[in-house]
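Written below as structure tokens is the structure these notes are about.
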Amino acid sequence: MRSPTRIPSPQSSYPHSGSPGVHYRNPYEELGELADPYDPDDPLGLGLTSDDDDDADLGGHRDKSAASGSGSRGDGEQWSPPNHRRSSRRRRGRFRAVPRTAKALIGLVVLALLLVLADRCAVMYAERKAEQELQKKLNLATAPNVTIHGFPFLTQVLGKDLQQVDIAVPDVAADRVSLAEVRAQVQDIRIVGDLPSSFRGATVGRMKGDVLLSFEDLSRELGASQVRFRALGPSSVRADGKLPVAGQQVSLHAQAHIRRQGDRGISTSVTDMRLDIPGIATYRPGPEPRPGLYLHKKAAKQISEDSEKAQALLSIPSVAEKLGVSPVEAGQAMNDERKLDEITGSPRFVPALLAVNLVQAANDHPQLARKLGIDPTVAAALARMKVPELTNKLELSFQLPEKAKGIRLANIGVSPEGIRADMVGAGLNFGKTR
């Protein structure tokens, strides 16, 4: 039997250097001997050969030329690293045409934008010059708004032929009123002269547009802010407002009918005019049907129920006669309450009272007017008012300017905004055309 091997202690295996006859050994050397030997082709110790490295670098595809020997190619040519700069130059040469194309496209776009900008600037300049010329030629208080259509504009100028021009003129004076707006669409304009330096005139092939008399302007200029105009029908206008008469405000109501005056004008005729003393009576000036001063229905019913007012009416023979009451019955009603109730309670009394013209009675009997709630001064002032004096406050008319020759009005009507009429024209000349 073998005796157990004695394991030396650290002290016996690694004696001190000072011990005589004992060789010192570094422990780190023994650790180094235990490690795998260093391979320059596998510095990380992964166990790869040079062929494996090539396979790993090429994604698993081994270069057949590498099998012929390390450091040399299959044809005997010495291996050298790839020249990346040369391939970069090849790529730049291959796509050198792309930047040139892009630059050319950008240049064309910039040039097109500059041409469009120049064309639009020329249009704005021509529009401004046209606005100034129109304001001066037509003696307008406000410069019109001119819009030139068509693109490109410069080619139209060179050809001296514009496709279409829109013109809008605000606030054109027309007799007693102002036209709120005049709009025109002009087509086929032939320019005489050169734009913009030596422009002399133009001939217009066709023109269409419209004019508007707004109710707001009519209310301000005719009604002096006390009368308001509004649409009543396709050819009628309603006027409602207040009118001072003898220090009292009476209500004004009337109708104005629109008609064309020749081919270049519009006028109105006022009808159905009445002036109301609120809650009491209405005055209708002649030559209206039934001109005069008439009680309202509510006021007539109140009189029929008021004995004092009814007796005041019957005390005037001319009024009693118009009411269909004989002088004998009128005399009895003065002293007999039952007789008075019989007369005023008749179903014929109120309708008959509504038909009585109180102008003369109010003038001849001021006390009667006061009892009925009518101011005698106002009644007298109303009776003195003549139809022309009243209708003149509401009538209107206008004519197209003399310089706007060749234009005529058509299709006159009433819209919610005001009175509107179409304009048409052809073969028009503006400025010097010869």
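Structure above, values below:
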read-out: Theoretical FRET efficiency, 1/(1+(r/R0)^6), r = Cβ-Cβ of Val424 and Asp171, R0 25 Å, to 0.05; value: 0.65
read-out: Principal axis dimensions, largest first and in whole angstrom, of segment 362-403 by Cα; value: 61, 16, 9
read-out: Within straight-line cross-link reach of Lys297, lysines at Cα separation under 21 Å, skipping those fewer than 8 residues along the same chain; value: Lys309, Lys322, Lys371
read-out: Partners for Lys160 among lysines (Cα-Cα distance below 17 Å; same-chain residues under 8 apart left out); value: Lys129, Lys432
read-out: Computed lengthening from Val350 to Asp161, 0.36 nm per intervening residue step minus Cα-Cα distance; value: 60.5 nm
read-out: Stokes-Einstein diffusion coefficient of segment 223-395, Kirkwood radius over Cα pairs, 10 °C, 1.306 mPa s, in µm²/s; value: 90
read-out: For segment 240-273 and segment 115-183, distance of Cα centres in Å; value: 36
read-out: Net charge, Asp240 excluded, C-beta distance under 10 Å - Lys, Arg +1, Asp, Glu -1; value: +4
read-out: For Ala281, distant residues with modelled amide H under 5 Å away; value: His296
read-out: Cβ-based net charge around Asp210, under 13 Å, with every Lys or Arg adding one and every Asp or Glu removing one; value: 0
read-out: Cα shape, segment 124-262, gyration tensor, a/c 1.5 rule; value: prolate
read-out: Separation between Cα centres of segment 316-345 and segment 361-417, rounded to whole Å; value: 38
read-out: Gyration tensor over alpha-carbon atoms, segment 226-272, equivalent ellipsoid semi-axes in Å; value: 26, 11, 8
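Computed from the coordinates by the stated procedures, all read-outs in this text should not be read as laboratory data. Since this is a predicted model, take the numbers as computed values, not measurements. All Cβ positions, glycine included, derive from the backbone under ideal geometry; neighbour counts span all protein chains shown.
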